[in-house]
Every structure is written in C-alpha cells, then in structure tokens.
Amino acid sequence: MTATLTRADVASAASQKRRRRAPGWLAVVPLLAFTAVAFGLPAVAMLNGAFTVKDPAGGVSSYTARNLSDSLQGPYLTALVGSVKLSALSALIAAVLGLPLAQAVVSSRSRALREAVLTASGVLANFGGVPLAFAFVATLGNAGVLTVHLHLTDHGWDLYSFWGLVLVYLYFLIPLMVLTITPALDGLRTQWREAALNNGATGLQYWRFVALPVLAPSLLGGLVLLFGSAFAAYATAAAMVGSAVPLVTLQIADALSGNVLVGQENVALALSLDMVLVAGVVMAVYLPLQRRSARWLDA
C-alpha cells in the first residue's frame, strides 16, 4: 500500500511539474511571432520579388528566373565577385593577425590586461559604419593627418581603393577574431604542451602537430564568421568608397534607389537572394565546425 501511494505521489508531482513548465513554453510564443513577422515576411517578399518581372508596356507581372540570371551577369556579377574577394582576403588576414594576438592575451599573467583587451575587442568589433569611415578618412584619407605628415600619397597610398577598404575592415575583424578564438585557446590544456616538450618536441612542433590540429575547427569557424561579417558590411564601404570599389551591397543600394534599367526593378531582390545563398553556405560550414570545436572546450 505504501509503495502504491509513493508511486501515486511521484506521478502527481511529475504532473504538477509539467503544468508548471507549460507557461515557459508560452513565453516563447511572442518571440516566435516577432521572428515570423520581422524575418519571415521580408524573406517571403524577397523570394516573391526575386522571381517576379513586371512588363513595362502592359504592367503585368509574371514569374520568371530572369532577375536571378541578370544578377549573375555584367556589373552585378563583378560586384558579387568583388565582395567575395574582399571578404575572403580581409577574413584571412584578420585570422592570421588575430590568432597570435589572442594567444598573447591568453598566455599573459596579467588578468587586467586580458580583461582590457577583451573589452576593447568587444567594443571595436561592433564599431563600424559611417563613424569608422570618417575616422579613417580623417586619419588616412587624401588630406588625413597621417597622410599629410608621412607623405603617404607620394608613395602611392590611396584609402579609397580595394586595399584601403581591406585595412578598414581589419579594424573590426581582428578584434572579432580575438573574441572568437580566445575560448578555444583557453581550451588548450597545459598538460598537452608539457607532454609534447617532455617527449622532445619543440615549441614549433607542439603548435604544428598538437595545438593547431585541435584549434583547426575553431580557426575555420572563426574564418567563416569573419567572412560573413565582412560580406554583409555596407555602411562603411558606402560612406568611404561609394562606387569606386564594386560590392554587391552597394549594387543592391543602387538598385533599390531606382538606378537600374526599365524592367530590372527587382534585380536588387535577386542580388539579396544571392547574398542569402552565400550566407547559407557560410552558416552550413560554420555550424558543424562550431559543434566540433565545442567538444574540446567541454572536455
């Protein structure tokens, strides 16, 4: 009898616990509704517009893939390729420079230095747009302070170029890399280095055969994240170089402002769909790498 009552009490307690959890699921409903309105409706509108062409003569709309084919030709394709090149190169340089900087922070015995660098990285990684462009123009522009004092123009320096834009992107990509790779560096065990050194390995061999293979998923994941951040950047490039450097985000802005041929009004939506597809590929690569690197961090 006592055992029966005990099982009944357990079942009653479990039922009450489930009832108490029900409001927790209901609390997610507003977030899901907001996500559906803020992201779902624009996505549907983008897909609909990307495959819609309006006849200039009759004003009749029809579904076709012409917008997508146009977005992969001529100046649109040049802008897409330019964005990929700029993003890939900026991400690669930021990863190469950010890794040793993050390692120096992690290996430092000064906790104040670590906190200061990580805090500054968090601020700088989110500093972009027009203020960042203005800061570089005032410093390294044609009449910038350093440009005038160091006579950089005489040496061929031009901020309003592809490499100038790469330099500006590194300003927020390197701090982002530091924030991304620091947890993975913290996951490296000191015992691994000690075991490698005790077996006759040099510091370079430790990094080549132990540390870098362990960090590879995190490094590739960080590289993909940097690529996505650079690929989606718009305001900084628009304020600094305008149309001097062909980028897909600038082409989308021009198309949305009406700077297109008649019948190509929805090419901007097709370009946006191209960006979504590239971002989807980036996330498809990033998420598995993130899960794999998490195994070492949780070990």
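Take GLY221 and decide whether it is of a type outside the set (A, V, I, L, M, F, W, C) and within 19 Å of LEU92 (Cβ to Cβ). In short, yes.
For the range 195-225, a residue qualifies if it is in contact with a helix residue (DSSP H, G or I) (Cβ under 7 Å, 6 or more places away or on another chain) and either charged (D, E, K, R) or closer than 15 Å to LEU99 by Cα (or both), and the qualifying residues are VAL214, LEU215, PRO217, SER218, LEU219, LEU220, GLY221, GLY222, LEU223, VAL224, LEU225. Residue check: is PRO175 open to solvent by less than 30 Å² (accessible area, probe 1.4 Å) and either in a helix (DSSP H, G or I) or of a type outside the set (Ser, Thr, Tyr) (or both)? When the stated conditions are applied, PRO175 passes them. Is one or more of the residues making up the range 122-135 part of a helix (DSSP H, G or I) and either more than 26 Å from the chain's Cα centre (by Cα) or among the hydroxyl-bearing types (Ser, Thr, Tyr) (or both)? No, there is no match, as no residue in the range 122-135 is part of a helix (DSSP H, G or I) and either more than 26 Å from the chain's Cα centre (by Cα) or among the hydroxyl-bearing types (Ser, Thr, Tyr) (or both).
Take the residues of the range 136-160 that are among the polar types (S, T, N, Q) and open to solvent by 30 Å² or more (accessible area, probe 1.4 Å): which is farthest from the chain's Cα centre (by Cα)? Don't jump to the end; show me each part of the working.
First, the residues of the range 136-160 that are among the polar types (S, T, N, Q): 139, 142, 147, 153.
Next, only the ones that are open to solvent by 30 Å² or more (accessible area, probe 1.4 Å) stay: 139, 142, 153.
Details: THR139: 26, ASN142: 30, THR153: 32 Å.
Step by step, filter the range 136-160, then rank; the result is THR153.
Scanning the range 176-191 finds no residues that are small (Gly, Ala, Ser) and either modelled with pLDDT of 90 or more or over 27 Å from SER218 (Cα atoms) (or both). Whether a residue is farther than 23 Å from ALA94 by Cα and of a type in the set (A, V, I, L, M) was assessed, and LEU150 passes this test. Filtering the range 68-123 to residues that are closer than 30 Å to SER272 by Cβ and open to solvent by 60 Å² or more (accessible area, probe 1.4 Å) leaves LEU72, GLN73, PRO75, LEU77, THR78, VAL81, LYS85, LEU92, VAL123.
Do you know which residues across the range 46-61 are open to solvent by less than 60 Å² (accessible area, probe 1.4 Å) and either without any contact (Cβ under 8 Å) to a residue 24 or more places away in the chain or in a helix (DSSP H, G or I) (or both)? Let's see the steps before the verdict.
Filtering the range 46-61 for residues open to solvent by less than 60 Å² (accessible area, probe 1.4 Å) gives 46, 49-50, 52-53, 58-59.
The answer is MET46, GLY49, ALA50, GLY58, GLY59.
Close Cβ contacts (under 6 Å, 6 or more residues apart or on different chains) running from residues in the range 130-158 that are in contact (Cβ under 8 Å) with a residue 60 or more places away in the chain and under 24 Å from PHE172 (Cβ atoms) to residues that are assigned to a helix (DSSP H, G or I) and of a type outside the set (A, V, I, L, M, F, W, C) comprise LEU132/THR236; ALA133/THR236. Looking only at the range 197-246, residues that are over 25 Å from GLY280 (Cβ atoms), part of a helix (DSSP H, G or I) and either touching a residue at least 24 places away in the same chain (Cβ under 8 Å) or among the aromatic types (Phe, Trp, Tyr) (or both) come to 7 in all. When the residues of the range 124-135 are filtered to those that are aliphatic (A, V, I, L, M) and open to solvent by less than 30 Å² (accessible area, probe 1.4 Å), which remaining residue is nearest to HIS155 (Cα to Cα)? Once the filter is applied, the top-ranked residue is ALA133.
The values are calculated or read from the model by the stated rules, or taken from the named source; none is laboratory data. Bear in mind that the values here come from a model prediction, so they are computed numbers and not experimental data. Ideal geometry is used to build each Cβ from the backbone, glycine not excepted, and the neighbour counts take in all protein chains shown. When the accessible area is computed, the model is the full protein with side chains, heavy atoms only, and any ligands, DNA or RNA have been set aside. Shrake-Rupley method; radii C 1.70, N 1.55, O 1.52, S 1.80 Å.
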